[in-house]
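The values are calculated or read from the model by the stated rules, or taken from the named source; none is laboratory data. It should be emphasised that the depicted structure is a prediction, and the values quoted were computed from it without experimental measurement. Glycine also receives a Cβ, built like all others from the backbone with ideal geometry; neighbour counts cover every protein chain displayed.
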């Protein structure tokens, strides 16, 4: 221990010397120490500056137009007089360098090697794909082309049958399929109705019942008076069009069980299956239908009756004349009144057909009378009981049924007129009319510009848009044994006025030839009908409903409780495609 150290409780301790402090008796602060700072430069400052800023990094030379506000809201610039303490950014970027991000240039040899390598890989991948295709299918290129042709042929046949509209949903584009509004069923299915059988259209298209005869007339059961066709309508063209007139008369829509002649034939055991031509045509052409419809099947003992619901007049979907049902873009049902809705177009088509088939006949001249000039539905006190339609009751043998007994079909058929043949013989006619409502909306061709020069193209468009209706008309003519089927082309005078029409032309075919032109297979049609008959004959006596699904290519057989559809107050139809019209006098 040195002499400057002391002992505190035996421990050494350092000596602490206090500095000298000069007392300032005249003010505050040190004295005698400011002389060395006397000649240093002094920079003024603003008393309003915030305390705590060490340096001003924004620099007046770069942001001299920027104003700052202090906490009192006063605008000012820096109050400095000198710039000794200001930071000045050096703009010299001579030492700054950018990184080169450009792609290196390749020589022509390097490019060629790269392209050859890509071509080599591409050839290897193509060779591998060809090998997989041949290994998977086991067929050569010639066989593949043959299969492609067969597929294209089958696709065109499917389109001619009306499948184009269903396959594309209508509906035009694949992305619109999900936006397509679901169609409503022709009748609401109740929970107590049980499904007995489902018949999908792909299976029905494979059925065939060949060697069915053309049918025979039942002696003594031909009713009505027919008028001769006015051949002046064959000379009607677009340039010489004729206005469609409103023709008076009574139109009937008598169901099967309400027909007194069918009741009499059933009592005489003339057959064991009874129906009308429109009901049979609906069942036989079911694979072309898109809209929903329904047929009532009544089994009484060993007899079967195909009937339609009593909805009043022509409002039943079986009697409905649909328009553009199988078109690519069918008319859509909209809320509120619309002249181009399915329901309005069907009513318009019914009006056109009823008046056209009367207008083209010479009703003031000679007539052709059947066995009974008066039809059994005419009321004796009705002065306008002139339906211009004759009815024939015909019979077919469809072979042995499920119980081994023969299936004898009895059907009520219709004729609309007669015409003199080339040898002076009298030929029966079935008269129908196409109607043009708006070619821009229906996806067809303008009749006034194409009908005289390209009538085949107009008919082909009608076949595409109305495949189901055309098939039903042809089947009605074949069931009735008509010698000719006469078509009329009726168009609106104005696309916005569905009440005024003009006849632009006519066309005539033999029913058998026309069935071939529209690819209507009669053996398949009879096979479908026989399948439906067998499905109903397997069930016990009772009432059943056959309904086409509104959104699927399938029809179902339902069992109905006793008393269904017997009351006069039927539930309202929910289908927009049905015709809301009664037995009218046009």
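Key figures for this structure:
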| quantity | calculated |
| --- | --- |
| Hits in region 235-253 (condition: closer than 20 Å to residue 388 by Cα and touching a strand residue (DSSP E or B) at 6+ places or on another chain (Cβ under 8 Å)) | 244 |
| Helices (runs of 4 or more DSSP H) enclosed by region 198-304 - at least 3 residues per element that are in contact with a helix residue (DSSP H, G or I) (Cβ under 8 Å, 6 or more places away or on another chain) and under 28 Å from residue 507 (Cα atoms) | 277-284 |
| Enumeration of residues in region 456-473 that are within 18 Å of the chain's Cα centre (by Cα) and not in a loop (DSSP other than H, G, I, E, B) | 461, 462, 463, 464, 465, 467, 468, 469 |
| Members of region 527-556 found to be within 15 Å of residue 279 (Cβ to Cβ) and in contact with a helix residue (DSSP H, G or I) (Cβ under 7 Å, 6 or more places away or on another chain), listed by number | 528, 529, 532, 544, 546, 548, 555 |
| Residues of region 354-372 that turn out to be modelled with pLDDT under 90 and in contact with a helix residue (DSSP H, G or I) (Cβ under 8 Å, 6 or more places away or on another chain), as a count | 0 |
| Residue under evaluation residue 310, criteria (1) within 23 Å of residue 467 (Cα to Cα); (2) in a loop (DSSP other than H, G, I, E, B), criterion not met | (1) |
| Any hit, region 494-511, residues being out of contact with any strand residue (DSSP E or B) (no Cβ under 8 Å at 6 or more places or on another chain) and at pLDDT 95 or above | no |
| Qualifying residue in region 385-399 (condition: without any contact (Cβ under 8 Å) to a residue 60 or more places away in the chain, in contact with a helix residue (DSSP H, G or I) (Cβ under 8 Å, 6 or more places away or on another chain) and surrounded by 16 or more Cβ atoms within 10 Å (Cβ to Cβ)) | no |
| Tabulated pairs, region 512-527, first without any contact (Cβ under 8 Å) to a residue 40 or more places away in the chain, second surrounded by 19 or more Cβ atoms within 10 Å (Cβ to Cβ) and in a helix (DSSP H, G or I), C-beta under 8 angstrom, 6+ apart or interchain | 512/478 |
| Test result for residue 453, more than 30 Å from the chain's Cα centre (by Cα) and part of a strand (DSSP E or B) | no |
| Breaking point among (1) part of a helix (DSSP H, G or I); (2) closer than 19 Å to residue 330 by Cβ, for residue 476 | (2) |
